[in-house]
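Colleague: What follows is a single structure, and I will ask about it in a moment.
The values are calculated or read from the model by the stated rules, or taken from the named source; none is laboratory data. None of the values given here were measured: they were computed from a predicted structure. Neighbour counts run over all protein chains shown; Cβ positions are idealised from the backbone, glycine included.
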Amino acid sequence: MLRSTRVLASMCAGLVCLAAIHGAAGNGLLQAPPNASQLAHCPTSCGDVKFSYPFGIGPDCFRQGLELTCNQADRPPKLLLGNSNIQVTYISVGNSTGGASTMIGYNITMSPGTDTYNRSWKTPAEAVMISSDNRLYVVGCNVEVYMFGDNMTDLIGACMSICADNTETMERAANVSGGYCGGFGCCHIYLPKDLPAFMINLVRHNSTRVEQDKVLSEVKIFLSDTSYQFFVSDLFSSWVNTSNAYGDTMTSVFGFAITDQPNCERAQLNQDSYACNDESNCYDLPSARGYDCFCPNSQGNPYVVDGCIQDYNSTHKENCTRSCGNMPIPFPFGIEEDCYASDNFRLNCTPRDVTILDRGYAISCY
């Protein structure tokens, strides 16, 4: 379902700024799931954003690699990822995802005589990754962009953006396509996996044309999980209009994982540091990058003791119907309300004494 990392950074002088707001509180916990009393002293909100362990603020409040900072100087206060200025807008611990309100991006000004440019980005929190729900957008003329993972042999994707010499032609094309980034003034790259880091290689073509037209010497590259709608005016702006998105705002999604061990099998060898609680399930991340914990019904917090919300009622009312024809109906199955443990055990007894799961499967007939 949801798997994003789903992370964004503010733009500063055309590059991602990762300026520190406050000092780090330490390396974080590396232990079995804590209980409620162990976390009682920990903050659970910053401004209007709520969060819970394994994220946290302050000593003994977060799992290793998942520290947050609350910038009280802003009004309302802003929740930041790690020791950076990446503003977090929500965290869903049960789905291992979160979101942020500004973009990771670059504004690259191409210089005469230089046709190749490289940029790189690495997460400021070791357990957080760019989610595959995001896309990399490129707004510029006569450029080709290659995106790599954390090394130049891990090619994520590539795209090319070209421009016509005539602005009216560009505007007509944008109108016809509905602003789709298909290679005419704008292109995009899908992310096939979550990324803790990435590198970008930009190559300029027809450099003589660009050098003659200085206004088109800038290329904007950014990540967003919402679809960007291309307008020709963004080619001539210092940065893209962030309201040009389906949904009126551009955001990004990040995913997080437990990264002190490469997978579930290795992590379960040491129960003193295994992050999942007793009720949850463990899932490996691709490429041995770590693991995630999930509650069986995706409700609750799988990283704290008794954190999963059980979709199961262990009690039932008296005088429940306990047969259908010759078919006995023991608890946790039941027919009437409050006679079954959950909807998964709800039965229906038909006039012909056919016992049927309420999902439509015939169990037996006598």
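Colleague: Report, by residue number, each residue of the range 58-86 that is more than 20 Å from the chain's Cα centre (by Cα) and of a type in the set (A, V, I, L, M).
Modeller: Matches in the range 58-86: Ala73 only.
Colleague: For the range 116-161, which positions are among the hydroxyl-bearing types (Ser, Thr, Tyr), in a strand (DSSP E or B) and surrounded by fewer than 19 Cβ atoms within 10 Å (Cβ to Cβ)?
Modeller: Thr116, Ser120, Tyr146
Colleague: Still on this structure, please answer the following. Given the criteria of a type in the set (D, E, K, R) and at pLDDT 95 or above, does Arg289 qualify?
Modeller: no
Colleague: In this structure, does Pro112 turn out to be assigned to a loop (DSSP other than H, G, I, E, B), under 21 Å from the mean Cα position of the chain (by Cα) and at pLDDT below 90?
Modeller: So Pro112 does not fit the description; no.
Colleague: Further question on the same structure: From the set of residues in the range 179-197 that are touching a Lys or Arg at 6+ places or on another chain (Cβ under 9 Å) and not hydrophobic (A, V, I, L, M, F, W, C), which is surrounded by the fewest Cβ atoms within 10 Å (Cβ to Cβ)?
Modeller: In this case the residue turns out to be Tyr190.
Colleague: State whether one or more residues within the range 168-177 are part of a strand (DSSP E or B) and modelled with pLDDT of 80 or more.
Modeller: No, because not a single residue in the range 168-177 is part of a strand (DSSP E or B) and modelled with pLDDT of 80 or more.
Colleague: For the range 234-260, name all the residues that are of a type in the set (Ser, Thr, Tyr) and modelled with pLDDT of 90 or more.
Modeller: Scanning the range 234-260 gives a single hit, Thr259.
Colleague: Among the listed residues Cys282, Cys320, which satisfies the condition of being surrounded by 15 or more Cβ atoms within 10 Å (Cβ to Cβ) and modelled with pLDDT of 95 or more?
Modeller: Cys282
Colleague: What number goes with the only condition from (1) touching a helix residue (DSSP H, G or I) at 6+ places or on another chain (Cβ under 8 Å); (2) at pLDDT below 90 that Gly185 does not pass?
Modeller: Unmet condition: (2).
Colleague: Follow-up question, since we're still on this one. Is it true that some residue in the range 234-253 is within 14 Å of Gly94 (Cβ to Cβ) and not β-branched (Val, Ile, Thr)?
Modeller: no
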